[in-house]
């Protein structure tokens, strides 16, 4: 399959770059040959991802699917509390699995979880710290809201742009 070549022009009608297209894939380059080569390489990489296949996993009774897409790997979540969640990304397979698990943990976590560290214990080490930070932020947000602060004020406090009044 050979890419279709097109041109990008500036306001004066001068060619500033070329683009190459194969189906939904589009790349650009400084020359038609460079754009074409990049597009062909992207198509070959997309086909290689298909050979790696789909990963279906579960965590705490919820399912995630990581599947090859035209630009990388995508993930889909079924948390049983929402019908579905899908994202189309250009992550590597391993990164998409981490992102899916991270998002799944964010989605199923609640304030009623008694021990956040135990909640993330079975997740990949690389995503635990960020999740714990997210949970801490959520708990602090709830505390500040309980003290009567509105969303704008809470975000300013949590972002370090304002201080909570003493005694609040």
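The values are calculated or read from the model by the stated rules, or taken from the named source; none is laboratory data. Just so it is clear, the structure is predicted and the values come from calculations on it, not from any experiment. Positions of Cβ are backbone-derived with ideal geometry, glycine not excepted, and every protein chain shown enters the neighbour counts.
Quick notes on this one:
- Of all residues making up the stretch 109-168, the number that are over 28 Å from the mean Cα position of the chain (by Cα) and at positive phi: 2
- Helices (runs of 4 or more DSSP H) fully within the stretch 114-160 counting 2 or more residues that are in contact (Cβ under 8 Å) with a residue 24 or more places away in the chain and under 30 Å from residue 58 (Cα atoms): 125-146
- Condition check for residue 67: without any contact (Cβ under 8 Å) to a residue 24 or more places away in the chain, within 30 Å of residue 120 (Cα to Cα), touching a strand residue (DSSP E or B) at 6+ places or on another chain (Cβ under 7 Å) and part of a strand (DSSP E or B): yes
- For the stretch 76-102, a tally of residues being touching a strand residue (DSSP E or B) at 6+ places or on another chain (Cβ under 8 Å), modelled with pLDDT of 85 or more and within 18 Å of residue 122 (Cβ to Cβ) returns 4.
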